[in-house]
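Okay, structure first, notes after.
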Amino acid sequence: MKDNHELDNFFSFENNEKNLIMEAKRKSTIRMACISGLVSLLVLTLIVVVKLQVTPWLLNKELIAQETYYDVHGANLFIGPWEESIQVIGSKATAPQYKLVDGRPVYRGEISNDSNPLEVHLSPQEYETYSYLGGKVMHFIHPEVTVNQVPDELKNIDVFQNHQVIEMGLSFDRAYTLDEVRDILPKDLPLQWAWMDAYSDEEVDSLQTSESPANHFTENEVIGFSMVDETGVTLEHPVKDFMESVRYGKNHRGPYKKDMQTLYEILTKQGEVDETTVKIIGAVVGGKKEVLQQLQNEPRVRASSIGAVVDSFK
């Protein structure tokens, strides 16, 4: 009886129709799942490929903005070549920061594309500041700002050895032209970097009413131009190169666009900025103690601050 019942079911149109429909639905579901999975995989692969193609371009724009900032900010500070790490998520780039003293690089640590440009320092007492790598940090005082104590580290220059080259940050008693600054310095003490008067009246008033340390600047906060490139070669048009960096920063999108726009407006308020019109209120020089001693009684040097020190092999 059971065999006859199964045979009847086999030739039953109604049962066969149900089975065919169920089988068709099952195959259709499997086919749709496979197609959906394949499409999702292709879309995900396309997204990854596009991101890996676009990310270097976006990162490069970010690095240019970062380099432009450091072209303008920081006394005698340079950025080395970037090392990029391109990833689907979390791409980044790092580069060494360094100074040039007597043509030799002095390592100042590593920065990244998202580094805070304002460094954290260790300050045991006023005007005595160190980076966390142990390097001495220079201080600068605006000529129109009154402070209770003016750093005068030129008076301590005698403690150094004859073979050592000392980086020295100088703050002047007023603004000078580039030629006037060269006249202030001894003939055998070349100008390494120049601090520009790029501050509005409101900023100067704010400095005047602030307490230490907010009323003076550390070396990474000042604005100015280098007289040499990142390899130590003398630049032909340092002020022009500086202004090109400012213009680029204000004309291109980036985290510093607004700051660069404000800086440009302050600098060009009295007209075009070039080697003859630039207002310099401080400088960075590097020399041996017998040369720097010539500045000890220079009335136009209001304040002095020691930076990096290296041994000379010349």
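The values are calculated or read from the model by the stated rules, or taken from the named source; none is laboratory data. For clarity, every value in this text was computed on a predicted model and none was experimentally measured. We place every Cβ from the backbone using ideal geometry, glycine too, and count neighbours over all the protein chains shown. Accessible surface areas use protein heavy atoms only, side chains included; no ligands, DNA or RNA. Shrake-Rupley method; radii C 1.70, N 1.55, O 1.52, S 1.80 Å.
Observations, loosely collected:
- Gaussian network model of the chain, Cα within-10 Å springs - most flexible of Ile35, Ile166, Ile280: Ile35
- With the simple model of a label 7 Å out from the Cα in the direction of the Cβ, Arg174 to Gln293 spans 3.1 nm.
- Span-rule helices in the chain, defined as complete DSSP H runs reaching 18 Å or more along the axis (Cα) with Kyte mean at least 0.5: none
- Counting only protein heavy atoms and a 1.4 Å probe, the chain has 58 square angstrom of accessible area per residue.
- Taking each residue as 0.36 nm, the span from Lys240 to Ser212 lengthens on full extension beyond its C-alpha to C-alpha distance by 6.7 nm.
- Pairs from the table (Lys136/Lys257; Lys99/Lys269; Lys92/Lys269; Lys99/Lys250; Lys187/Lys240; Lys61/Lys240) lying more than 28 angstrom apart at Cα are Lys136/Lys257; Lys99/Lys269; Lys92/Lys269.
- Of Pro186, Met22, Leu154, farthest towards positive along the dipole that unit charges on Lys, Arg, Asp, Glu beta carbons give the chain: Met22
- FRET efficiency for the Leu133 to Val39 pair, using the beta carbon distance and R₀ = 51 Å, is estimated at 0.45.
- Candidates Phe140, Phe160, Phe242: whichever shows maximal mean-square fluctuation once the chain is modelled as a Gaussian network with Cα springs under 10 Å: Phe160
- Candidates Met260, Met138, Met32, ranked by Gaussian network fluctuation over the chain, Cα under 10 Å, top entry: Met32
- Note on Arg182 and Lys27: their simple-model spin labels are 9.0 nm apart, each label 7 Å out from Cα toward Cβ.
- Each Lys and Arg contributes +1 and each Asp and Glu -1, all at the Cβ; summed about the Cα centre of the chain, the dipole is approximately 1100 debye.
- Dipole magnitude (debye, nearest 20) for segment 244-314, charges at Cβ of Lys, Arg, Asp, Glu: 240 debye
- Spin-label model, Ser312/Thr94: points 7 Å from Cα along the beta carbon direction are separated by 3.5 nm.
- Order of exposure, largest accessible area first, which applies to Glu236, Glu153, Glu144 with probe 1.4 Å: Glu236, Glu144, Glu153
- FRET E, pair Asp229, Asp158, Förster distance 22 Å, beta-carbon r, rounded to 0.05: 0.10
- Helix-only mean residue ellipticity at 222 nm for the chain, each DSSP H run of n ≥ 4 adding -39500 (n - 2.57), per residue, nearest 500: -12000 deg cm²/dmol
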